[in-house]
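The values are calculated or read from the model by the stated rules, or taken from the named source; none is laboratory data. This structure is a prediction, so every number in the text was calculated from the model and none was measured. In this analysis, Cβ positions are derived from the backbone assuming ideal geometry, glycine residues included, and neighbour counts consider all displayed protein chains. Side chains are part of the model used for accessible areas, which takes the heavy atoms of the whole protein and leaves out ligands, DNA and RNA. Shrake-Rupley method; radii C 1.70, N 1.55, O 1.52, S 1.80 Å.
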Amino acid sequence: MTQARIPILMYHAVAAEPNDATRALSVSPEAFAEQMALIADRGLTPLTTADLAARWRSGRPLPALPVLITFDDGYEGVHRHALPALAEHGFPATLFVSTGWLRGAYDTGGGLDTMLDWRQVRELAAAGVEIGGHSHTHPQLDQLGDSALRAELTRCRDIVADELGALPVSFAYPYGYSSRRVRTAVRENGFAQALAVGNALARRAQGPYALRRVTVRRGTGVGEFERLLDGRSVARTFARDRALTKGYAVVRRTRRIHRRAVGALP
């Protein structure tokens, strides 16, 4: 039997007038509503991240045409614009929050645009949106030392648990960056599964801590969105993104080696 290849859609801001920092990775409310209608019209069944991972672990069957709808960071438009469109179709979703970016007692001021507050996060959870972790201050986790890495994960986990009354079980890596050390720390902090980016369809063989997603952005038209749902031309669609990612990976690795060398100096 052919292994299921599942589109996990990665959204960020849903906004009519996004600022410059979030524009490229935002979608308009109209586009989001149209995309949700397409998912419904094509007979796809949205799952939460936790539900997909639990089915893969237990061997329970998947729907015929599964899809995941995920949001990163915690922008206010997820409540204002995305939630009504999700509710219209009865769709679940997963929101990964950077707890230090949300408005309220833990706000570090790092949010890139208007962010959710915790009342809105609770309303999203009550409406069937799984709330997952996305670190506390949204750093590149693989660039942190061990103690800073643990602090980012533990603080995020504990704040979500305090605000919602339940530990989060799913995680998404900020910027999509992880490493074996990061994935181990995520698991040790109680997260049962985690999402990367990768701009490819998710497969069980990727493992529960490296499931890939496809990016939906402001320039994603109807035709491209349908191809993402079908898994058609995904490699070609994101070829430029992968080339840029590989180039930046070299830069990041060089910086990491330099920092280690400096730290080893007497």
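Each residue was assigned an accessible area with a 1.4 Å probe, and for ILE159 the value is about 10 Å². Using alpha carbon coordinates only, what is the Rg to Rh ratio of region 1-131, with Rh defined as the Kirkwood radius? Radius of gyration over Kirkwood radius for region 1-131 works out to 0.99. In the complete set of protein chains, residue-level accessible area for ARG23 is approximately 100 Å², probe 1.4 angstrom. For region 110-193, a Kirkwood radius taken over Cα pairs fed into Stokes-Einstein (10 °C, viscosity 1.306 mPa s) yields D = 120 µm²/s. Of the residues GLU88, GLU34, the one with the largest accessible area comes first in the ranking GLU88, GLU34, computed with a 1.4 Å probe on protein heavy atoms. A straight line joining the Cα centroids of region 88-116 and region 27-55 runs 19 Å. Within the chain, DSSP assigns beta bridges of which about 5% are antiparallel (rounded to the nearest 5). Specify the inter-centroid distance of region 184-225 and region 149-170, based on alpha-carbon positions, in whole Å. Distance between centres, Cα-based: 20 Å. Within the shell defined by Cβ-Cβ distances under 12 Å, the residues around PRO92 carry a net charge of -2, with Lys and Arg each +1 and Asp and Glu each -1. Here the label points at ALA126 and ALA148, each 7 Å from Cα along the C-beta direction, are separated by 3.9 nm in the simple model.
Its convex hull of Cα atoms gives region 134-239 a direction-averaged projected area, equal to a quarter of the hull surface, of 7.8 nm².
Considering only TYR209, TYR75, TYR106, the Gaussian network model of the chain with Cα springs below 10 Å gives its largest mean-square fluctuation to TYR106. In the context of the full set of protein chains, region 113-205 has a per residue accessible area of 40 Å² (1.4 Å probe). Here mean projected area of the Cα convex hull in nm² was calculated from the structure, and among (1) 12.4; (2) 13.7; (3) 14.7 it sits at label (3). Accessible area of ARG122 (1.4 Å probe, protein heavy atoms only, ligands and nucleic acids ignored): about 100 Å².
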